[in-house]
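J.: The structure is given below, and queries will be raised subsequently.
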Amino acid sequence: MKCFWALVLLLQFVPLANVDAAARQQPQVYILTEDVDRDAARCGIDRSSVETVAGTALRDNQVLVSPRPVTPYLYVAANLVHGNDGSCSFSIGVSLRRFVLNLGEFKKSGASPDDVVICEEKSTGQAPAGSAVALFSQSLKGDIKRCLSKLEY
């Protein structure tokens, strides 16, 4: 009889545990970055550093980073120019996107999916080469935070 009551007691908490686990589930995105060029490297920025900063910004905003492509995904485009005076100018574009095959009444011919932008942010900046990495990283994190702040998750 004790086992019966123990089972009844346990079953009362199982649904709550499942609800709690579902409530704690975090959204997950994949990071897709455009390649950066040699000017970016002269400013101290490479593709790996862009992905690292983006991943940190996502985790800081309670979004998990997927190691494999999923939808939605975070698209990061960074353009950097190393000036003759030693400064670095940059523009950043981030957007959270998802793939869809059907856009209601409008359908793309063929089976390839379309991108749909969920949120988007852009920024620009300029700094001496020695402080360009810090300013670029701060701007990228800010863009991602502003983009995600437009969403409920």
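J.: Are any residues in region 101-129 modelled with pLDDT of 90 or more and loosely packed, with under 12 Cβ neighbours inside 10 Å, and if so, which ones? Give the derivation first.
T.: Going residue by residue through region 101-129, those that are modelled with pLDDT of 90 or more are 117-128.
Hit for region 101-129 is T124, nothing else.
J.: Checking the conditions here, which among A78, A57 is at pLDDT 95 or above, assigned to a helix (DSSP H, G or I) and among the hydrophobic types (A, V, I, L, M, F, W, C)? It would help to see each step written out before you state the result.
T.: On the way: A78 fails: assigned to a helix (DSSP H, G or I).
Answer to the check: A57.
J.: Could we say that D37 is modelled with pLDDT under 70 and not small (G, A, S) here? First the steps, then the outcome.
T.: On the way: modelled with pLDDT under 70: no; not small (G, A, S): yes.
No: the conditions fail for D37.
J.: Something else now. Being among the charged types (D, E, K, R) and within 18 Å of the chain's Cα centre (by Cα) is the filter; apply it to region 25-54 and report the residue that is surrounded by the fewest Cβ atoms within 10 Å (Cβ to Cβ). Spell out how you get there, then give the answer.
T.: Start the filter on region 25-54 by keeping residues that are among the charged types (D, E, K, R), which leaves 34-35, 37-39, 42, 46-47, 51.
Pick out the ones that are also within 18 Å of the chain's Cα centre (by Cα) and you get 34-35, 46-47, 51.
Working: E34: 13, D35: 9, D46: 14, R47: 15, E51: 16.
Selected residue: D35.
J.: Still on this structure, please answer the following. So, in region 60-100, of the ones that are among the charged types (D, E, K, R) and within 18 Å of the chain's Cα centre (by Cα), which residue ends up surrounded by the fewest Cβ atoms within 10 Å (Cβ to Cβ)?
T.: Taking region 60-100 as the starting set, the residues that turn out to be among the charged types (D, E, K, R) are 60, 68, 85, 97-98.
Now narrow it down to the ones that are within 18 Å of the chain's Cα centre (by Cα): 60, 68, 97-98.
Values: D60: 12, R68: 5, R97: 19, R98: 15.
Ranking the qualifying residues of region 60-100, first place goes to R68.
J.: If you check every pair at least six apart or on different chains, which have Cβ atoms under 6 Å apart with a residue in region 50-77 that is under 22 Å from F136 (Cα atoms) first and a residue that is outside any strand (DSSP E or B) and of a type in the set (D, E) second?
T.: Short answer, once both residue conditions are applied: A77/E34.
The values are calculated or read from the model by the stated rules, or taken from the named source; none is laboratory data. Owing to the predicted nature of the structure, the values given are computational and were not obtained by experimental measurement. All Cβ positions, even for glycine, are placed from backbone atoms using ideal geometry, and neighbour counts span all protein chains on display.
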